[in-house]
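Read the structure below first, then the notes.
The values are calculated or read from the model by the stated rules, or taken from the named source; none is laboratory data. Everything quoted here is computed from the prediction, not taken from an experiment. Reconstructed Cβ throughout: ideal geometry from the backbone, glycine too, with neighbour counts over all protein chains shown. Heavy atoms of the whole protein, side chains included, go into the accessibility calculation; ligands, DNA and RNA do not. Shrake-Rupley method; radii C 1.70, N 1.55, O 1.52, S 1.80 Å.
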Amino acid sequence: MKSPALLAALLAAAVTMACATPAPDQTEPTGLQALSRLALADAALRSGLPASALQVESADAVTWRDGSLGCPRPGLMVTQALVPGYRIRIRAGSELLNYHAGARGEPAFCPASLAQAPLPQDLRR
């Protein structure tokens, strides 16, 4: 059995460590902001337009119907389970570029001909 003095010292050390942990930087972009920046960089390369000429039309947390993340490709084997992730849509002139991501991945360009809508919000669980 540990002595009361040892327990008090351990508790004091834990409190000190918790207090010493710096608060998150409020200027640090959120995950969705960081993903949007990655999508914007790719959209600038794809479109040939400067990033300043592009506009994020929407950036949302979504639930994809399966592991294809709303961008099924012929011959691609994917999990048949709901997948949390993100959809980012970028306006590049008259073109709308779709970027899809899983919760832990980077956004990937999805051609309009393949892009599928995520699960409607009222069906997500």
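Quick one: would you say Gly75 is out of contact with any Ser or Thr (no Cβ under 7 Å at 6 or more places or on another chain) and either without any contact (Cβ under 8 Å) to a residue 24 or more places away in the chain or of a type outside the set (Asp, Glu) (or both)?
Values: out of contact with any Ser or Thr (no Cβ under 7 Å at 6 or more places or on another chain): yes; either without any contact (Cβ under 8 Å) to a residue 24 or more places away in the chain or of a type outside the set (Asp, Glu) (or both): yes.
Answer is yes for this residue.
With the requirement that a residue be under 12 Å from His100 (Cβ atoms) and among the basic types (Lys, Arg), what does the range 28-72 give you?
Hit for the range 28-72 is Arg65, nothing else.
May I ask you to verify whether Asp60 is among the acidic types (Asp, Glu), without any contact (Cβ under 8 Å) to a residue 60 or more places away in the chain and either open to solvent by less than 50 Å² (accessible area, probe 1.4 Å) or assigned to a helix (DSSP H, G or I) (or both)? Break it down stepwise before answering.
Numbers: among the acidic types (Asp, Glu): yes; without any contact (Cβ under 8 Å) to a residue 60 or more places away in the chain: yes; either open to solvent by less than 50 Å² (accessible area, probe 1.4 Å) or assigned to a helix (DSSP H, G or I) (or both): no.
Considered against the rule, which asks whether it is among the acidic types (Asp, Glu), without any contact (Cβ under 8 Å) to a residue 60 or more places away in the chain and either open to solvent by less than 50 Å² (accessible area, probe 1.4 Å) or assigned to a helix (DSSP H, G or I) (or both), Asp60 comes out as no.
In the list Leu38, Leu10, which residue meets the criterion of being modelled with pLDDT of 50 or more, open to solvent by 60 Å² or more (accessible area, probe 1.4 Å), farther than 20 Å from Ser113 by Cβ and out of contact with any Leu (no Cβ under 7 Å at 6 or more places or on another chain)? Write out each step before concluding.
Values: Leu10 fails: modelled with pLDDT of 50 or more.
None of the other options fit; the residue is Leu38.
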